[in-house]
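Peer 1: Here it is: the structure, laid out below.
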Amino acid sequence: MAGVTRRLVFEGAYVATVDAAGSEFAAGHVVVDDSRIVAVGDGPAPEWAGRASGDVTVERIDARGRLLTPGLVNTHHHLYQWLTRGIAQDSILFDWLVALYPTWARIDETLVEAGAEAGLSVLAKSGCTLAADHHYVFPAGSGDILGGIVRAAARVGIRLHGTRGSMDLGRSAGGLPPDFAVETTSAALEASAVAVEKYHDASPDAMTQIALAPCSPFSVTSDLLREAAVLGRSLGVRLHTHGSETVEEDAFCQERFGKTPTQYLDDLGWLGDDVWMAHSVHLDEHAIARFGSTGTGSAHCPSSNARLAAGIAPIPQLLAAGAPVGLGVDGSASNESGQLGTEIRQAVLMNRLRAGADGFSVRDGLRIATIGGARVLGRDADLGSIEVGKLADLALWDVSGVEFAGLVDPVAALGLASMPPVAGLFVGGDRVVTDGRLTTVDEVGVAEAAARATTELLGRV
């Protein structure tokens, strides 16, 4: 009803706010009016919160036995890859890409939309309320692929930070992708400007935002990288690319440009607080310092880095340098689970291999998965923590089951134990998941459509 406030009152939850002070409440409350948080604290909600009236409807949520966190933020994904999972299982990145490029070059708007809806559904069921998708394959005649991804996100009900990616460096010019999978530089730039005009919403409560995202140093020319940075900044949108993912990428940049990937990208205007890189695995001390001094963000994708044997990113060092760091799933063809919640545990365990048992805590993992990711995407003023005035993007985890019986720290359920079921997922106060099931789309129908799309795509090769 117009003019009526919808109020949600969570009571009895273990609330991990992930605010600057790290405030947590063992039996706390959170009150939401429409899309924004209006109260957070220990104990029962204030008396006023439970008063319904002609202007206020109230829904009380008994959150005892639950962990309430900010919704998780996925800072790097390739949703179209949902259609090519389980291929090239034992390959390093370059070999894996060569194996998959011919299939990806046959995607179209309809197929990508089906795969994106499945990928976004799994993200939502694993606690994700905002997903950044890096799409860079646009075959001729394939339709409005980015529009298909935007529509899929709208149906699932989670926020999308989509990108208009690109590749213009084919194999004949010394790049990795085949020539038939790339665009011209001018076509990529023109399409990027159109995508921003058509889909980008700069408002604080936006459901869809767009970034410009040339793919990588080994698939994009220097001209495209340089001009895309200028274009993105003139349009007021963020910039994204892959950087320092593998030793092979480092060798490529050293041989072709005489520089490390970070030095190369830095020279082209690709460091800054409006830029985030995917992976950032192979960074030397100079690169870490530059990321910190410029505010350049990183998307940490531990499962994908392990699947492709890329290495362990220096995440504690990046954080110590002051660089923004978020968590990412990466493409579903290099992280077949497609879940974001499980990446918290992966990040904790993997970073301890490099930094020691006390070098990366479960709360460090939760922080990069929430406020860290929001900072990477430039949305930390409104997302990423449970604080009064912020958007009500919330994940309610069920830690009452036998898997967590006797666990003395509910946050450790995310960082060390198995991922808890999502009892509720809320985006701007709207329900997306209830008791582990999506409330917005038919999961069976989504699964069937994705399976048909996979069969059709593989049949085109």
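The values are calculated or read from the model by the stated rules, or taken from the named source; none is laboratory data. Quick caveat, the model's predicted, so the values are computed rather than measured. When we count neighbours, we look across all protein chains shown, and the Cβ atoms used for this are built from the backbone with ideal geometry, even at glycine. With ligands, DNA and RNA removed, areas are computed over all heavy atoms of the protein, side chains included. Shrake-Rupley method; radii C 1.70, N 1.55, O 1.52, S 1.80 Å.
Peer 1: On a full-extension model of 0.36 nm per residue, what is the gain between Val402 and Glu47, subtracting their alpha-carbon distance, rounded to one decimal in nm? Please report the intermediate quantities before stating the final value.
Peer 2: On the way: separation 355, 0.36 × 355 = 127.80 nm, distance 3.38 nm.
Working it through step by step, the gained length comes to 124.4 nm.
Peer 1: Heavy atoms only, probe 1.4 Å: what % of the accessible area of the stretch 100-171 goes to carbon and sulfur, would you let me know?
Peer 2: Accessible surface attributable to carbon and sulfur in the stretch 100-171 totals 52 percent.
Peer 1: Okay, moving on. With a ≥ b ≥ c taken as the square roots of the eigenvalues of the C-alpha gyration tensor of the stretch 112-252, please select rounded if a/c is under 1.5 and otherwise prolate if a/b is larger than b/c or oblate if it is not?
Peer 2: It is prolate, given that a/c is not under 1.5 and a/b is the larger ratio.
Peer 1: If you don't mind, another one. Could you sort 428-434, 179-185 so that the peptide with the highest average Cβ count within 10 Å comes first and the rest follow in order?
Peer 2: Highest mean packing first, the order is 428-434, 179-185.
Peer 1: Quick one: pull the percent of accessible area on the stretch 371-461 belonging to carbon and sulfur, 1.4 Å probe, ligands and nucleic acids left out.
Peer 2: 55
Peer 1: Packing-wise, with mean Cβ within 10 Å as the measure, how do 120-128, 365-373 rank, highest first?
Peer 2: Top of the packing list down: 365-373, 120-128.
Peer 1: Return the calculated 222 nm mean residue ellipticity for the chain, to the nearest 500 deg cm²/dmol, obtained by summing -39500 (n - 2.57) across DSSP H runs with n ≥ 4 and dividing by the residue count.
Peer 2: Roughly -10000 deg cm²/dmol at 222 nm, from the helical runs in the chain.
Peer 1: Next question, about the same structure. Between Gln89 and Ala202, 0.36 nm times their residue separation minus their Cα-Cα distance comes to what?
Peer 2: Answer, rounded to one decimal: 36.8 nm.
Peer 1: Where does each of 205-212, 357-364 land if you order them by average Cβ count within 10 Å, highest first?
Peer 2: Ranking the peptides 205-212, 357-364 by packing returns 205-212, 357-364.
Peer 1: Is there a quick way to get the dipole size of the stretch 300-399? I mean about its Cα centre, with the Cβ of Lys and Arg at +1 and of Asp and Glu at -1; what is the value in debye to the nearest 20?
Peer 2: Values: 9 positive and 10 negative charges, 53 e Å.
About 260 debye.
Peer 1: Additional query: In whole percent, what relative contact order does the stretch 268-318 give with Cα contacts below 8 Å and a gap of six or more residues?
Peer 2: 44
Peer 1: Which percent of the accessible heavy-atom area of the stretch 21-72 goes to carbon and sulfur, probe 1.4 angstrom?
Peer 2: C and S atoms contribute 49 percent here.
Peer 1: Okay, next question. Below 9 angstrom from the Cβ of Thr163, what's the summed charge of the other residues (Lys, Arg +1; Asp, Glu -1)?
Peer 2: +1
Peer 1: For the stretch 195-302, what does the accessible surface come to per residue with a 1.4 Å probe? Please give it in Å². Mind showing how you got there, number by number?
Peer 2: Working: 3790 Å² over 108 residues.
Accessible surface, normalised per residue, equals 35 Å².
Peer 1: For the stretch 1-157, what is the accessible area per residue in Å², given a 1.4 Å probe and the full set of protein chains? Each step should come with its number before you reach the end.
Peer 2: Working: 5420 Å² over 157 residues.
With the other protein chains kept in place, the stretch 1-157 gives 35 Å² per residue.
Peer 1: Now, a different point. Give me the percent relative contact order of the stretch 224-283, please, defined on Cα pairs under 8 angstrom at least 6 residues apart.
Peer 2: Values: 63 pairs, mean separation 28.6, N = 60.
With pairs under 8 Å counted, the relative contact order is 48 percent.
Peer 1: Return, ordered by residue number, the residues of the stretch 403-420 whose backbone nitrogen is under 18 Å from a label point located 7 Å along Cα→Cβ of Ala26.
Peer 2: Answer for this model: 405-413.
Peer 1: Given [x] 22.1; [y] 22.9; [z] 25.9 as candidate values of Kirkwood radius over Cα pairs in Å, which corresponds to the one derived from the coordinates?
Peer 2: Checking each listed value against the structure points to [x].
Peer 1: Tally the DSSP beta bridges in the chain and give the antiparallel ones as a percent, rounded to 5. Walk me through the numbers before you get to the answer.
Peer 2: On the way: 31 of 67 bridges.
Taking every DSSP beta bridge with both residues in the chain, the antiparallel ones total about 45 percent.
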